[in-house]
Amino acid sequence: MPAIQFSHANGFPAKTYSYLFEKIKEGYNHSIKYVPAFGIGKYKIRRNWYPLVDELIEYIEQNHHEPVIGIGHSLGSFITFWAAERRPDLFTKVIMMDPPFLPAHTRLLIRTLGPPGIFGKFFPITRQAYKRKDTFQSKEEAFNYWKPKKLFRNFHPSCFEDYVNHTLQETETGELSLIIPKKLEARLFSLTAWRLGKVQDGVPVHWLYAERSVVPPEQFDKYKAAFPKINFIEMKGGHMFPLEFPQETANKINELINL
């Protein structure tokens, strides 16, 4: 059976999905591999996300001997989809979890005013990333600081523990800092996907979107019409549903894997 190649969301290193991986393996006991954290190695972000596609393709070529099941969340959805568009020989199917494919007018605004323009600095999610607290004295401090935040309010307890345990690394001074630096996170947020593209017919594509997606609900009727070969499936929860409802997400993933 094909291995799973997972691609994480912006600001969430792959190991923060460890509990989700456990749930997936209960129904599909095969290897799950991943780039630990995109964009912090030799592949640097400039004006788009495409260097991360190169990073994913290289990782698959070096770590898999057969085509993989590509699964991605948020930013990782685009990375996976575009890798399969460019190299369909590396994939058996693609499962995207709530890719933030924004309405056309929003994409145009970001493209027009984005980095190095003003939009990149004042886009709310980018501004929040720049302001993030990024150093802690202990994981206990990080746990207590993050726990009340709106982003984590609906996280499954095990997923929140995974986030605390796997999103930080020790510095030379003994402090803990974010594995994905906040400047990189902000830079990634200030960019967007201008296009989706098309994967060859031999690679099925499934799009799991949240009932409270970052994409306006009315857009999905347009997307379903524009991309008739993609299988659209609504999932309960918000944009972070894989970490809010890991069991339900794993059940759906395993159902799609076994189609």
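So which of Phe12, Phe101, Phe6 is touching a strand residue (DSSP E or B) at 6+ places or on another chain (Cβ under 8 Å), of a type outside the set (A, V, I, L, M) and not in a strand (DSSP E or B)? Residue meeting the stated conditions: Phe12.
Can you tell which of Tyr59, Tyr34, Tyr50, Tyr19 is touching a helix residue (DSSP H, G or I) at 6+ places or on another chain (Cβ under 8 Å), more than 24 Å from Gly238 (Cα to Cα) and among the aromatic types (Phe, Trp, Tyr)? Talk me through it step by step, then tell me what you get.
Working: Tyr59 fails: touching a helix residue (DSSP H, G or I) at 6+ places or on another chain (Cβ under 8 Å); Tyr34 fails: more than 24 Å from Gly238 (Cα to Cα); Tyr19 fails: more than 24 Å from Gly238 (Cα to Cα).
One residue alone meets the criteria, Tyr50.
Among the conditions (1) more than 27 Å from Lys42 (Cβ to Cβ); (2) part of a loop (DSSP other than H, G, I, E, B); (3) not polar (S, T, N, Q), the only one that Phe160 does not satisfy is (2).
Restricting attention to segment 43-73, the residues being free of Cβ contacts under 8 Å to residues at least 12 places away in the same chain and either in contact with a Pro (Cβ under 7 Å, 6 or more places away or on another chain) or assigned to a loop (DSSP other than H, G, I, E, B) (or both) number 3. Criterion first (under 19 Å from Met97 (Cα atoms) and either polar (S, T, N, Q) or in contact with a His (Cβ under 8 Å, 6 or more places away or on another chain) (or both)) does Val203 satisfy it? No. When every residue of segment 239-249 is checked against the conditions, none turns out to be touching a residue at least 24 places away in the same chain (Cβ under 8 Å), in a helix (DSSP H, G or I), among the hydroxyl-bearing types (Ser, Thr, Tyr) and surrounded by fewer than 19 Cβ atoms within 10 Å (Cβ to Cβ). Taking the stated definitions as given, is Val214 farther than 18 Å from Lys236 by Cα and either part of a strand (DSSP E or B) or touching a residue at least 12 places away in the same chain (Cβ under 8 Å) (or both)? Criteria not met by Val214. Scanning segment 189-211 for residues that are assigned to a loop (DSSP other than H, G, I, E, B), under 16 Å from Phe78 (Cα atoms) and touching a residue at least 60 places away in the same chain (Cβ under 8 Å) yields a count of 12.
Taking segment 45-73 as the search range and keeping residues that are closer than 15 Å to Leu184 by Cβ and within 17 Å of the chain's Cα centre (by Cα), which one is surrounded by the fewest Cβ atoms within 10 Å (Cβ to Cβ)?
Let us first name the residues in segment 45-73 that are closer than 15 Å to Leu184 by Cβ, namely 45-49, 51-52, 55.
Those still in the list that are within 17 Å of the chain's Cα centre (by Cα) too: 45, 48-49, 51-52, 55.
Numbers: Ile45: 17, Asn48: 13, Trp49: 20, Pro51: 17, Leu52: 24, Glu55: 21.
Step by step, filter segment 45-73, then rank; the result is Asn48.
Among Ile118, Ile110, which is the only one that is farther than 15 Å from Gly11 by Cβ, buried (at least 16 other Cβ atoms within 10 Å of the Cβ), of a type in the set (A, V, I, L, M) and modelled with pLDDT under 85? Working first, answer last.
Numbers: Ile118 fails: buried (at least 16 other Cβ atoms within 10 Å of the Cβ).
Of the residues listed, the single one that is farther than 15 Å from Gly11 by Cβ, buried (at least 16 other Cβ atoms within 10 Å of the Cβ), of a type in the set (A, V, I, L, M) and modelled with pLDDT under 85 is Ile110.
Scanning segment 164-184 turns up one or more residues that are within 21 Å of Trp82 (Cβ to Cβ) and either outside any loop (DSSP other than H, G, I, E, B) or under 18 Å from the mean Cα position of the chain (by Cα) (or both). On the stretch given as segment 162-188, residues that are free of Cβ contacts under 8 Å to residues at least 12 places away in the same chain and either in contact with a Phe, Trp or Tyr (Cβ under 6 Å, 6 or more places away or on another chain) or of a type in the set (D, E, K, R) (or both) total 2.
The values are calculated or read from the model by the stated rules, or taken from the named source; none is laboratory data. Note that the coordinates shown come from a computational prediction; the quantities given were computed from them, not determined experimentally. Glycine also receives a Cβ, built like all others from the backbone with ideal geometry; neighbour counts cover every protein chain displayed.
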